[in-house]
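Taking it in order: structure first as structure tokens, then the write-up.
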Amino acid sequence: QYINWSKTTLPWMSIGYETQIPPIFTVAFYNAIANNGRFMQPRFVKEIQKDGVTVKTYDPVCLIEKICHDEPLHKIQAILEGVVSRGLGKKAGSKSFKVAGKTGTAQIADENGSYKSGTVRYWLSFCGYFPYENPEYTCIVCLKKRGLPASGGGMCGVVFHNISEGIMAKKLKHNVEVARDSTSSPIP
């Protein structure tokens, strides 16, 4: 595999270029960060039912019990939260709950391996988890785009925001008593 490497391959790989990692691997890694280092096998289906009866269940499978020590893990978690609260991932955030994640914006080479053959193509992404304090969901949003503007945080972050807000809104349970108008008297 090293035959195809150029003199700049190794430094470019350190920031994500010249690699091809499926988004599901990225989501699984972020899920491990959210899960305090426990790396779980991605699971798309919890159970299969037929006529309301469970035919088969798929239990969670732990692949790695701890991906790293606690100290670096907690630092990474805080950095990912900072990306959303103070960095380029602000558009992925929410006013109702904290989000942690990271933006990604990369140029894509054309079929000949060139980046200068006309309109530049981009792979944009935002991967994160929410709510930050007690994570329940991990999500990645990826977009392919031609030309500028191109921003993983500005474009994928907005989609992530809408997804996370929609999921969390389904969990809201409102108390009817709070909605009662206490300033006016009831009319018979």
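The values are calculated or read from the model by the stated rules, or taken from the named source; none is laboratory data. Since we're looking at a predicted model, the values are computed, not measured. Heads up, the Cβs are rebuilt from the backbone with ideal geometry, glycines too, and the neighbour counts pull from every protein chain shown. Side chains included, ligands, DNA and RNA excluded: accessible areas come from the protein's heavy atoms. Shrake-Rupley method; radii C 1.70, N 1.55, O 1.52, S 1.80 Å.
A few comments on the model shown:
- The GNM of the chain, with springs linking C-alpha atoms under 10 angstrom apart, assigns the highest mean-square fluctuation among Gly147, Gly118, Gly52 to Gly52.
- Computed with a 1.4 Å probe over protein heavy atoms only, the accessible surface of the chain comes to 72 Å² per residue.
- Stretch gain in nm, segment Ile167-Ile64, where the contour uses 0.36 nm per residue and the Cα spacing is subtracted: 34.3 nm
- Debye-sum result for the chain in log10 I(q)/I(0), which assumes one identical scatterer on each alpha carbon, at q = 0.08, 0.09, 0.15, 0.19 Å⁻¹: -0.38, -0.47, -1.03, -1.32
- Hits among lysines - C-alpha to C-alpha of Lys170 under 19 Å, sequence gap 8 or more where chains match: Lys95, Lys98
- Computed [θ] at 222 nm, deg cm²/dmol, the chain (DSSP H ≥ 4; -39,500 (n - 2.57); rounded to nearest 500): -8000 deg cm²/dmol
- Per DSSP, loop trypsin sites (Lys or Arg not before Pro) in segment 1-63 with at most 13 further Cβ within 10 Å: Lys7, Arg43, Lys46
- Cα-based helix-to-principal-axis angle, 70-85 vs the chain, degrees rounded to 10: 80 degrees
- Here segment 140-171 is scanned for amide nitrogen atoms under 17 Å from the site 7 Å beyond the Cα of Thr119 along Cα-to-Cβ, giving 143-151.
- Residue-count net charge about Gly87 - beta-carbon cut-off 14 Å; Lys, Arg +1, Asp, Glu -1: +4
- Taking 0.36 nm per residue of separation and subtracting the current Cα-Cα distance, fully stretching the chain between Thr57 and Asn134 would add 25.2 nm.
- Segment Ile108-Ile24, extension gain: residue separation times 0.36 nm, minus the distance between their alpha carbons: 28.3 nm
- Nearby aspartates and glutamates by direct alpha-carbon distance to Lys56 (threshold 14 angstrom, same-chain neighbours under 8 apart not counted): Glu47
- Which of Lys145, Lys95, Lys102 is most accessible, then next, and so on - probe 1.4 Å: Lys95, Lys102, Lys145
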